[in-house]
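The values are calculated or read from the model by the stated rules, or taken from the named source; none is laboratory data. A quick note: this is a predicted structure, and the numbers were derived from the prediction, not measured. Glycine also receives a Cβ, built like all others from the backbone with ideal geometry; neighbour counts cover every protein chain displayed.
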Amino acid sequence: MNEAGVRATLKLLGVSPDRELGQNFLVNPFLAARIAALLDPPEGALLEIGPGLGALTEALLKRGHRVTALEVSHAMSRYLTGHLPGVRVVQGDFLKTDPRDIPGHPFALVASNLPYSISTPALLRLCEPGFGTVSRAVLMLQKEVALRLECVSGGREYGRLALAVWPHFRVSVLFEASPWEFFPRPEVDSLVVLLERKAVSPLKPELHGRFLKLVKASFSARRKKIVNNLARAYGKERSLAILGGAGVDPDLRPEKVAPEDFARMAEEVGS
């Protein structure tokens, strides 16, 4: 559906794009087809988060995917149900809906042009056990979020988001999507990102909770030494013991500490 078609359909439904949510509708069918092709072969059930008016949904159907579309808008859910009979449409909020209640669960694939306002919590949701069967996810993200998600090598972009996803997925930034490919045109650039499930997690399942707590404490103040940040959560003496046991220099800033070092620190927390 081109921009004129999106405008007319939104007017018919009495719906306006919510700029605060970062709601931008895909209007370039060639981009939709390019994204859909990244999820081939169509093996297993596919969940599309926030399908909107179904531009990406149609492209996925053409490639033979079994799609469940989870849409928060009542009006758009009704529209999709009437216009795309081959799709299981569910009205609901991805951040709140129990995945076991979504037809098609457990899912093997995920696709989404994520509204900017929920991109980070949605990424974290995909790391939860309820989506542990997802082998690949192709997501459209705000450029800033995509770069933070991909960066696991230290530096300004490196931080809590990349580390939260690191135990579960390999992240690849694939290509840019131009503002003209959406309506309304976003004021920021977008990137298409591929998440691929790691065959073996570099972190033991029982350590996930403590790993996330440790990362959060470590990045509570980016410009401070990691030992000082950890001391607020664990005390100075225990923090030095955790860092020493993991072989991490306590004078480093958190952005200089590798993911594998955080994993070793998580083991030390419980020892």
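Can you find a residue in segment 64-82 that is surrounded by 22 or more Cβ atoms within 10 Å (Cβ to Cβ), in a loop (DSSP other than H, G, I, E, B) and assigned by TED's automatic domain parsing to the domain that holds Ala177? Yes: segment 64-82 contains one or more residues that are surrounded by 22 or more Cβ atoms within 10 Å (Cβ to Cβ), in a loop (DSSP other than H, G, I, E, B) and assigned by TED's automatic domain parsing to the domain that holds Ala177. The set of residues from segment 160-207 being within 18 Å of Val134 (Cα to Cα) and either over 13 Å from the mean Cα position of the chain (by Cα) or polar (S, T, N, Q) (or both) comprises Pro167, Ser172, Lys198, Ala199, Val200, Ser201, Pro202, Leu203, Pro205.
In this structure, does Ser218 turn out to be within 13 Å of Phe262 (Cα to Cα) and among the polar types (S, T, N, Q)? So Ser218 fits the description; yes.
What do you reckon, is Val15 farther than 23 Å from Lys143 by Cα, out of contact with any Leu (no Cβ under 9 Å at 6 or more places or on another chain), among the aliphatic types (A, V, I, L, M) and touching a residue at least 60 places away in the same chain (Cβ under 8 Å)? For Val15, the condition - farther than 23 Å from Lys143 by Cα, out of contact with any Leu (no Cβ under 9 Å at 6 or more places or on another chain), among the aliphatic types (A, V, I, L, M) and touching a residue at least 60 places away in the same chain (Cβ under 8 Å) - is met.
Looking across Gly245, Gly154, one residue alone is more than 23 Å from Ser112 (Cα to Cα), surrounded by 13 or more Cβ atoms within 10 Å (Cβ to Cβ) and in the same structural domain as Pro115 (by TED's automatic domain parsing). It is Gly154. Against the test of being surrounded by fewer than 17 Cβ atoms within 10 Å (Cβ to Cβ), assigned by TED's automatic domain parsing to the domain that holds Gly44 and under 18 Å from Phe169 (Cβ atoms), the options Pro103, Pro121, Pro99 yield a single qualifying residue, Pro121. Can you tell me which of Ser239, Ser271 is modelled with pLDDT under 95, over 28 Å from the mean Cα position of the chain (by Cα) and among the hydroxyl-bearing types (Ser, Thr, Tyr)? Ser271 is the lone residue from the list that is modelled with pLDDT under 95, over 28 Å from the mean Cα position of the chain (by Cα) and among the hydroxyl-bearing types (Ser, Thr, Tyr).
Total residues in segment 192-210 satisfying the condition of being touching a residue at least 40 places away in the same chain (Cβ under 8 Å) and closer than 14 Å to Val171 by Cα: the figure is 6.
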